[in-house]
Amino acid sequence: MTRRLGLVWLARQLGRNVPAALGALLILLLLVVSLEPRWFTERDPYRLDPVNRLLPPSATYLLGTDEMGRDIYTRIVYGTRLTLGAAVLAVALATVVGGLVGLLAGYAGGWLDEVVMRTTDVFLAFPPLVLAMAVVAALGQDLVNSVLGLAGIWWAQYARLMRSRVLEITAQEYVLGARATGVGRPRILLRHVAPNGLAPLTVKASIDMGLVVIMLSALSFMGLGAKPPIPEWGAMITTGRKYLLDYWWVPTFPGFAIFVSVLAFNLLGDWIRDVMDPRART
Amino acid sequence: MLLYVARRLAALAFVMLGMSLLMFVVAHALPGDPARVAAGGVEATTEMVRIAREQLGLDRPLAVQYLLYLGRTARGDLGRSVVTRRRIADDLLEFFPATLELTAAAVAFAGLLGVPLGILSAVRRGRLSDHVSRLAFLFGISMPVFWLGLVAILVFYAVLGLLPAGGRIDYLLTPPPHVTGFYTADSLLAGDGQRLASALRHLVLPALVLSTVSLAFIARMTRSCLLEVLGEDYVRTARAKGLREALVIYKHALRNAAVPILVTIGLQLGTLMGGAVLTETIFTWPGIGTYAVSAVENQDYPALMGFAVTFSFLYALLNVVVDVLAYRLNPRVSV
């Protein structure tokens, strides 16, 4: 990790790994779709059209229409921002909160460290999905709440990772050197410890993205996240489920969208893990 | 050994205490009045609700309420479901065998297929089949299990007509006499071929769907455990002796990689139980997952909390058991 990773070097590495490059391209595409959905469709994701309900995929309706006559392709396009945005938000929240807590715990040590570590024990000992179900039910069924609930559970992993990095870093000579020259604690924390602890955290965040997309859509699927008519992909599967046997395209395509984007994140994440930790390469 | 078990159990007790506090806070934040629920719901008179509130200690300070909650939960009293009007503990007990049967079948699938695939890809490291298996792994972990279930129903039920779409047994058949709660085992015990065949046909699809992620994971772990062992000196010695490669792998390498592989499979049990919540919903499999999701739909919050507490406890307990077994098999494993 001490080696400085130039962007050019990184890009060249990525070019050598076809699946990872494919993943990166897909993510880039998804990013563009979420920023400018209008470039990809001219229809309205909410417009009801009962006359054209449950039409199979055709040239007019690329992926068919749903039970209200809405264009499924358009809804998936508009759902990209919601589905992936929610996941990015959840991971970012967990990273920031977990990172800060871990930083403080690792650097302060003593009872604070003990309290934080035992708290993370609780969160790590239990199944995240079930825990999230309970927490989101308490917060109220809503997409924002499912993001908050998941981040409220996921942070513990980042706190653990950050803390162990901090313990490693504070034992390094440059930190001892800084302390010996009389640099204050907050400055050491901000200038020396935090930046060096950030790399593994961002790596973990990128690897976790796929899993978080699945978890959030699973919560929506169970009725604990985005509520219809919002075109979030998990919620689209829930409402479309009833039509599976006669109108297969209604729940199938939103699920396929989840699968493809999670795969893109996993292809890239797998490669990032390899690049960042050559020892783990098998 | 005893000391290790004691330490793990103490840690479990501590973690459970923390969990109960979290669950208490969550339960407190949930909408709905538990006193009214206990008194009989909407029809209860104000007086009945007041008495229920006193009985449950809901008029006492929060700290006392927490202790009361802790006492009730420890005794297995999870309250009553708003919908079924029965004790939640009884509900869960009734639905649990179905979940366990599904999970056990999925773990069996995942282990029986995942380990050989992992061995294959370790032995052929760097060759085409290894790359293919790596991609297959990424595909496997990228598939949302609830979507895979829908697609499986579409293909195997709607298009091919090979397997049923849901339930545990044909609706024309009564369940086999209750012994273990596993329909397959109970049919077998009763010597009932018809029911056994039906139960198996219903079990195959959900178990396969549920096992995908674990299968991918187990194959991957088997591969890396085996590769690690294959780099050891004693493997080189065995090869230098001129042993056949198959013998080196099965007698020397695999035996030493067995413990971490078994632990991986054991830990997947808990993960699969979590995945079962979603799989059951898709296949209308009458387990505790379906129970929990319908509790969400019906806003039956006491039932949802009862499920979460019980499930979390079982999950944590299971992982401790696996850890202890791993320790027993290989004392070098230390935590």
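If you take the residues in region A:231-248 that are assigned to a helix (DSSP H, G or I) and crowded, with 22+ Cβ neighbours inside 10 Å, which one is nearest to the other protein chains (Cβ to nearest Cβ)?
Pass one, region A:231-248, residues assigned to a helix (DSSP H, G or I): A:233-243.
So of that shortlist, the ones also crowded, with 22+ Cβ neighbours inside 10 Å come out as A:233-238, A:240.
Values: A:W233: 9, A:G234: 8, A:A235: 12, A:M236: 11, A:I237: 6, A:T238: 9, A:G240: 9 Å.
Among those residues, the one meeting the criterion is A:I237.
When the residues of region B:145-156 are filtered to those that are at the interface with another protein chain (Cβ under 10 Å from one of its Cβ atoms) and in contact (Cβ under 8 Å) with a residue 24 or more places away in the chain, which remaining residue is nearest to A:Y243 (Cα to Cα)?
Selected residue: B:L150.
May I ask you to list the residues in region B:258-290 that are over 10 Å from the mean Cα position of the chain (by Cα) and polar (S, T, N, Q)?
Passing the criteria: B:T264, B:T279, B:T281, B:T284, B:T290.
I need a count of the residues in region A:44-66 that are among the aromatic types (F, W, Y) and in contact (Cβ under 8 Å) with a residue 60 or more places away in the chain.
1
I need every pair where a residue in region B:25-39 that is within 8 Å of another protein chain (Cβ to nearest Cβ) and surrounded by fewer than 17 Cβ atoms within 10 Å (Cβ to Cβ) has its Cβ under 9 Å from the Cβ of a residue that is at pLDDT 80 or above and not in a helix (DSSP H, G or I), sequence separation at least 6 or different chains.
B:P31/A:G140; B:P31/B:Q299
So in region B:259-307, with the set limited to residues that are touching a Pro at 6+ places or on another chain (Cβ under 9 Å), over 18 Å from B:H202 (Cβ atoms) and of a type in the set (G, A, S), which one is surrounded by the most Cβ atoms within 10 Å (Cβ to Cβ)?
B:A295
Of the residues that make up region B:123-132, is at least one within 14 Å of another protein chain (Cβ to nearest Cβ) and touching a helix residue (DSSP H, G or I) at 6+ places or on another chain (Cβ under 6 Å)?
yes
Check region B:133-143 and report whether any residue there is within 25 Å of B:V293 (Cβ to Cβ), within 14 Å of another protein chain (Cβ to nearest Cβ), hydrophobic (A, V, I, L, M, F, W, C) and in a helix (DSSP H, G or I). Reasoning before the result, please.
Here is the first cut: in region B:133-143, the residues within 25 Å of B:V293 (Cβ to Cβ) are B:140-143.
After this cut, where a residue has to be within 14 Å of another protein chain (Cβ to nearest Cβ) as well, the list is B:140-143.
Filter once more, keeping what is hydrophobic (A, V, I, L, M, F, W, C): B:141, B:143.
Right, trim to in a helix (DSSP H, G or I) and you get B:141.
Yes, some residue in region B:133-143 is within 25 Å of B:V293 (Cβ to Cβ), within 14 Å of another protein chain (Cβ to nearest Cβ), hydrophobic (A, V, I, L, M, F, W, C) and in a helix (DSSP H, G or I).
Only one of (1) within 14 Å of chain A (Cβ to nearest Cβ); (2) in contact with a Phe, Trp or Tyr (Cβ under 8 Å, 6 or more places away or on another chain) is not met by B:I169, so which one is it?
Every condition holds for B:I169 apart from (1).
Could you check, for region B:317-328, whether at least one of its residues is under 28 Å from B:A199 (Cα atoms), hydroxyl-bearing (S, T, Y) and in contact with a helix residue (DSSP H, G or I) (Cβ under 8 Å, 6 or more places away or on another chain)?
No - not one qualifying residue is present in region B:317-328.
Show the residue pairs meeting these rules: Cβ distance below 6 Å; 6+ apart or different chains; first residue within region A:129-145 and more than 7 Å from chain B (Cβ to nearest Cβ); second residue surrounded by fewer than 24 Cβ atoms within 10 Å (Cβ to Cβ) and modelled with pLDDT under 90.
Cβ pairs passing all conditions: A:N145/A:L139.
So B:E245 fits all but one of (1) buried (at least 18 other Cβ atoms within 10 Å of the Cβ); (2) of a type outside the set (K, R); (3) more than 27 Å from A:T239 (Cβ to Cβ); what number is the exception?
With respect to (1) buried (at least 18 other Cβ atoms within 10 Å of the Cβ); (2) of a type outside the set (K, R); (3) more than 27 Å from A:T239 (Cβ to Cβ), B:E245 is out only on (1).
Restricting the search to region B:278-297, which residues are at the interface with chain A (Cβ under 9 Å from one of its Cβ atoms) and either of a type in the set (D, E, K, R) or on the phi > 0 side of the Ramachandran plot (or both)?
Across region B:278-297, the qualifying residue is only B:E297.
Looking at (1) assigned to a helix (DSSP H, G or I); (2) within 30 Å of B:T290 (Cα to Cα); (3) hydrophobic (A, V, I, L, M, F, W, C), which is the one condition that is false for A:L198?
Evaluating A:L198 over (1) assigned to a helix (DSSP H, G or I); (2) within 30 Å of B:T290 (Cα to Cα); (3) hydrophobic (A, V, I, L, M, F, W, C) leaves (2) as the failure.
Please find, among A:V51, A:V130, A:V116, A:V122, the residue that is outside any loop (DSSP other than H, G, I, E, B) and within 20 Å of the chain's Cα centre (by Cα). First the steps, then the outcome.
Working: A:V51 fails: within 20 Å of the chain's Cα centre (by Cα); A:V116 fails: within 20 Å of the chain's Cα centre (by Cα); A:V122 fails: within 20 Å of the chain's Cα centre (by Cα).
So the residue among A:V51, A:V130, A:V116, A:V122 that is outside any loop (DSSP other than H, G, I, E, B) and within 20 Å of the chain's Cα centre (by Cα) is A:V130.
Here are B:A165, B:A122, B:A152: which of them is at pLDDT 85 or above, farther than 16 Å from B:G275 by Cβ, in a helix (DSSP H, G or I) and over 18 Å from the mean Cα position of the chain (by Cα)? Can you show your working first?
Working: B:A165 fails: in a helix (DSSP H, G or I); B:A152 fails: farther than 16 Å from B:G275 by Cβ.
Every option except B:A122 fails the conditions.
Report the residue count in region B:199-211 for those that are of a type in the set (V, I, T) and surrounded by fewer than 24 Cβ atoms within 10 Å (Cβ to Cβ). Break it down into steps so the answer makes sense when it comes.
The initial filter retains those residues of region B:199-211 that are of a type in the set (V, I, T), namely B:204, B:209.
Right, trim to surrounded by fewer than 24 Cβ atoms within 10 Å (Cβ to Cβ) and you get B:204.
Within region B:199-211, residues that are of a type in the set (V, I, T) and surrounded by fewer than 24 Cβ atoms within 10 Å (Cβ to Cβ) number 1.
Need the failing condition index for A:A87 against (1) surrounded by 15 or more Cβ atoms within 10 Å (Cβ to Cβ); (2) away from chain B (no Cβ under 14 Å); (3) modelled with pLDDT of 90 or more, just the number.
(2)
Which residue is nearest to A:L224 (Cα to Cα), if the candidates are limited to region B:27-52 and must be β-branched (V, I, T) and at pLDDT 80 or above?
Pass one, region B:27-52, residues β-branched (V, I, T): B:37, B:42, B:45-46, B:49, B:51.
The next check asks that each one be at pLDDT 80 or above; those that pass are B:45-46, B:49, B:51.
Details: B:T45: 32, B:T46: 32, B:V49: 29, B:I51: 33 Å.
So, considering only residues that are β-branched (V, I, T) and at pLDDT 80 or above, the one nearest to A:L224 (Cα to Cα) is B:V49.
Quick one: which residue in B:A276, B:A303, B:A238, B:A292 is under 30 Å from B:A27 (Cβ atoms), without any contact (Cβ under 8 Å) to a residue 24 or more places away in the chain and in contact with a helix residue (DSSP H, G or I) (Cβ under 6 Å, 6 or more places away or on another chain)?
Values: B:A276 fails: without any contact (Cβ under 8 Å) to a residue 24 or more places away in the chain; B:A303 fails: without any contact (Cβ under 8 Å) to a residue 24 or more places away in the chain; B:A238 fails: under 30 Å from B:A27 (Cβ atoms).
After applying the criteria, what remains is B:A292.
Being buried (at least 21 other Cβ atoms within 10 Å of the Cβ), modelled with pLDDT of 85 or more and not in a loop (DSSP other than H, G, I, E, B) narrows it down to one residue among B:A106, B:A89, B:A158; which is it?
Details: B:A89 fails: buried (at least 21 other Cβ atoms within 10 Å of the Cβ); B:A158 fails: buried (at least 21 other Cβ atoms within 10 Å of the Cβ).
Going through B:A106, B:A89, B:A158 in turn, the sole match is B:A106.
The values are calculated or read from the model by the stated rules, or taken from the named source; none is laboratory data. Keep in mind it's a predicted model, so treat the numbers as computed, not measured. Neighbour counts run over all protein chains shown; Cβ positions are idealised from the backbone, glycine included.
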